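Read-outs: derived from the displayed coordinates by stated rules, not from any lab. Not measured: the values here are computed from a predicted model. When we count neighbours, we look across all protein chains shown, and the Cβ atoms used for this are built from the backbone with ideal geometry, even at glycine.
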């Protein structure tokens, strides 16, 4: 039996966020692999609406790391960040002559995994 070192990965996820997964991926691609502090700075200065929910998820993952594992936020980096498509909200828009025009409102699921950097 081999003793493994405890995993220093923590994650947070947000489900059914009312935005297109492509718009969220545009922001997620900028923070993948960066340190936690650097990711916060990037998200606070980017002009996209997807930044706010991603910022909330990354802060939640850091709070999980601090509270559950006692990790310092200065040593964390974004090891995995992904956006998956969620369910579509199906609605109808009224049109001429009593017809209904279908509208699909997309949702997405955001997953952020933070990991502690190895000090060499």
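With n ≥ 4 as the cut-off for DSSP H runs, can you work out [θ] at 222 nm for the chain, using -39500 (n - 2.57) per run divided by the number of residues, rounded to the nearest 500?
-10500 deg cm²/dmol
Hey, what's the Cα Rg ratio for region 58-102 versus the globular rule of thumb, 2.2 N^0.38 Å?
2.31
Which residue fluctuates most in the GNM of the chain (Cα springs below 10 Å): 100, 70, 33?
100
Select from 35, 60, 44 the residue whose mean-square fluctuation is largest in a Gaussian network model of the chain (Cα-Cα springs shorter than 10 Å).
Looking only at 35, 60, 44, the largest GNM fluctuation is found for 44.
Which value, in Å to one decimal place, does the Kirkwood hydrodynamic radius take for region 11-74 when every pair of different Cα atoms is included?
Evaluated over region 11-74, this radius sits at 12.3 Å.
Apply the Kirkwood formula to the chain: the hydrodynamic radius equals the inverse of the mean of 1/r over all pairs of different alpha-carbon atoms; give it in Å with one decimal.
It works out to 15.9 Å.
Quote the relative contact order of the chain in percent (integer), defining contacts as alpha-carbon pairs under 8 Å separated by 6+ residues.
Result for the chain is 39 percent.
I want to verify a result. In a Gaussian network model of the chain, Cα cutoff 10 Å, which of these has the top mean-square fluctuation: 36, 52, 101?
101
Could you list 118, 38 so that the one with the fewest beta carbons within 10 Å of its beta carbon is first and the one with the most is last?
If I rank by nearby Cβ atoms, fewest first, I get 118, 38.
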